[in-house]
Amino acid sequence: MKRISELKERKTTRRATRNFDSEGRRIYDEFEYDLPYKVDFPHSEKQRECAKILDMIPLFLIFLFVFKQNLFLSFLFSIPSVIIIGSITETLWGTTLGKKFFKMIAIDDFGNFPDFSTSLKRNFLCLANFYPSFSEYTTKNVAFGTQTFFRTDLSMHMNNKLCKTYIVKEDQIPEIRKRLDHKTLN
């Protein structure tokens, strides 16, 4: 069985040479190379952060109103609850409430829903994902000239790398499975 981590994508690039054809057009050399298949999708980190928050809100409210816990304890109890319930739902359906809202699915390296132990490890490691990375960026506009801002991003990829899992959009699944099947036939 082939793995997503083994999939390659063929890319072609053209580089200009110093030579020209008889009509004066530049001659280009073409180079082909294989890159790892990119499973990520744009803005995946922000969507995953929001999905995790959406997963926590119902549990936080249950602890707050049903079990009559204070705000701090409700928040604290919702964290392990999200990890356990998220692991169960990812194993059964490949998604959680928050991921379903953003149409995301968790899959393993074979394109299947992760097993419970992998999903539990992945969800537990998400606690370590919330380390901030700081960056600086500059913008230019007519009204304010050049401005420099600082941005804080949270990384949401370490748990997937360690567990060999991927978070993909629902509409990516047919293409990934097709590539895996094609890779198996070759």
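The values are calculated or read from the model by the stated rules, or taken from the named source; none is laboratory data. Everything numeric in this text was worked out from a predicted model, so none of it was measured. Glycine gets a Cβ as well: all are built from the backbone with ideal geometry, and neighbour counts include every protein chain shown. With ligands, DNA and RNA removed, areas are computed over all heavy atoms of the protein, side chains included. Shrake-Rupley method; radii C 1.70, N 1.55, O 1.52, S 1.80 Å.
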* How many percent of the accessible area of region 1-152 is carbon or sulfur, using a 1.4 Å probe? -> 62 percent
* To do: Keeping all protein chains in position, work out how much accessible area CYS126 exposes to a 1.4 Å probe, and write it in Å² to the nearest 10.
  => 10 Å²
* Report, to two decimal places, the Cα Rg of region 1-74 normalised by 2.2 N^0.38 Å (N = number of residues). => 2.35
* Degrees between helix 71-93 axis and first principal axis of the chain (Cα, 0 to 90, nearest 10) -> 60 degrees
* Structure fact -> Between the modelled labels at HIS182 and GLU23 (7 Å from Cα along Cα→Cβ) the distance in nm is 3.3 nm
* Structure fact -> Length gained if ARG15 through PHE31 is fully extended, taking 0.36 nm per residue and subtracting the Cα-Cα distance, is 5.0 nm
* What angle do you read, to the nearest 10 degrees and between 0 and 90, between the alpha-carbon axis of helix 173-185 and the longest principal axis of the chain? -> 60 degrees
* Inter-label distance, nm, simple model (7 Å from Cα along the C-beta direction), PHE67/LYS103 -> 3.5 nm
* Using a 1.4 angstrom probe, figure out how much accessible area the chain has per residue, in square angstrom, rounded to the nearest whole. => 67 Å²
* Asked: What percent do you get for the relative contact order of the chain when only Cα pairs under 8 Å and 6+ apart count?
  -> 22 percent
* Asked: Taking only Cα atoms, what is the 0 to 90° angle, nearest 10, from helix 116-125's long axis to the longest principal axis of the chain?
  -> 90 degrees
* Once you have the Kirkwood Rh of the chain from its Cα pairs, apply Stokes-Einstein at 4 °C and 1.567 mPa s and quote D in µm²/s. => 66 µm²/s
